[in-house]
Amino acid sequence: MEVFRPSSLYEALEVRAAHPQAIPIAGGTDLMVELNFGRRRPEAILDVSRLPELQVIGREDGRVTLGAGVTYARIIRELADHPALAQAARTVGSPQIRNRGTVGGNLGTASPAGDSLPVLAVYDAEVVAASTAGTRRIPWREFLVGPKRNALAPDELIVAVEWRQPDGPGSFSKVGTRNAMVIAIAGVSLQLDTAARRIRIALGSVGPTILRAPEAEAFGAGILDESGAWADPRAEVPADALGRFGELAAAAARPIDDIRGTAAYRRHACAVLARRALTWALDDRRLAAG
Ligand SMILES: Cc1cc2nc3c(=O)[nH]c(=O)nc-3n(C[C@H](O)[C@H](O)[C@H](O)COP(=O)(O)OP(=O)(O)OC[C@H]3O[C@@H](n4cnc5c(N)ncnc54)[C@H](O)[C@@H]3O)c2cc1C
């Protein structure tokens, strides 16, 4: 097996163009499992873990850039002002996996159970992909095209992911068979956009790919309007409305029965996680308001 170890993005893209069969490797926490189980035997590997361009965390004009090669451990340390993403990063694997695993790798694998992906969906993030021909920005929902399938062309690399800095509380939570080292049976990320008076919610592990729940989003924004909670964070939102929000979120799920859980359990988990996520967001706003 040939191994390419470029030291710059430019060099890596040249290798990618010349050897499209070379599989990129970042932290290797997905790819090495495939290799070890003999599910994949690539002719060549392209190591992207040394590319400085992929290690960037940038902020400019309210936009955030997260390099594809940034590990979960760094996200926890350096993106504490992004609670949803930091919470998702904290739930990934073990410390060893969080020290190696990257968001670029999560996007590359494109599993519906990828924990960072519902968060990128509520951030309305764009994936920055590059080839020797140039750079393009792909909205997350066009990038994640199906179970373990993404829209990356064979000559492209994921360079980064970008979004507008969220203005409001957010969270990520998941249900699994235990608390750590677990693939989600259901995962939910929620982000309040206070300036736009919008709620965004995304579901993981309950469909072929990450799903947003537009009816729940519209209903949730409406109940915050009616209760006056957008204007006054101390305003009470009725418990039955929060319950209905959870039900509408669960209705957007398209789960299957598998060894990890039944479709019915997954739907139920979505309803509970969604209701909790909105409750937490309202509590956070109340706390911030003093
Ligand atoms: C024990 C264990 C526990 C785990 N727990 C979780 C968990 O709780 N939650 C979770 O979401 N995941 C989990 N994972 C899966 C894995 O850690 C994550 O998906 C991680 O984000 C993969 O990142 P990586 O850098 O290691 O990817 P790699 O394994 O290096 O690559 C993954 C895929 O992405 C492609 N790729 C990587 N970087 C690029 C790039 N820059 N451009 C183009 N393609 C690229 C590779 O070719 C490959 O197809 C776990 C894995 C293990 C082994």
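The values are calculated or read from the model by the stated rules, or taken from the named source; none is laboratory data. From a predicted model like this one, the values you see are computed outputs, not experimental measurements. Here the Cβ is made from the backbone with ideal geometry for all residues, glycine too, and neighbour counts use every protein chain on show. All accessible areas refer to the heavy atoms of the entire protein, side chains included, with ligands and DNA or RNA removed. Shrake-Rupley method; radii C 1.70, N 1.55, O 1.52, S 1.80 Å.
Within region 236-290, the residues that satisfy the criterion of being open to solvent by 90 Å² or more (accessible area, probe 1.4 Å) and either closer than 16 Å to residue 210 by Cα or polar (S, T, N, Q) (or both) are 254, 256, 267. Listed by position, the helices (runs of 4 or more DSSP H) inside region 89-163 whose residues that are near the ligand (Cβ under 10 Å from one of its atoms) and open to solvent by less than 20 Å² (accessible area, probe 1.4 Å) number at least 2 are 103-109, 116-122.
For region 120-140, the criterion of being under 14 Å from residue 73 (Cα atoms), modelled with pLDDT of 95 or more and hydroxyl-bearing (Ser, Thr, Tyr) is satisfied by no residue at all.
Looking only at region 167-174, decide whether some residue is modelled with pLDDT of 95 or more, assigned to a loop (DSSP other than H, G, I, E, B) and under 21 Å from residue 112 (Cβ atoms). No. In this structure, is residue 182 more than 8 Å from the ligand (Cβ to nearest atom) and surrounded by fewer than 24 Cβ atoms within 10 Å (Cβ to Cβ)? So residue 182 does not fit the description; no.
Among 60, 53, which is the only one that is touching a Leu at 6+ places or on another chain (Cβ under 8 Å), more than 9 Å from the ligand (Cβ to nearest atom), charged (D, E, K, R) and open to solvent by 40 Å² or more (accessible area, probe 1.4 Å)?
Working: 60 fails: touching a Leu at 6+ places or on another chain (Cβ under 8 Å).
Of the residues listed, the single one that is touching a Leu at 6+ places or on another chain (Cβ under 8 Å), more than 9 Å from the ligand (Cβ to nearest atom), charged (D, E, K, R) and open to solvent by 40 Å² or more (accessible area, probe 1.4 Å) is 53.
Looking across region 23-38, just one residue is touching a residue at least 24 places away in the same chain (Cβ under 8 Å), of a type in the set (Val, Ile, Thr) and touching a strand residue (DSSP E or B) at 6+ places or on another chain (Cβ under 8 Å), and that is 25.
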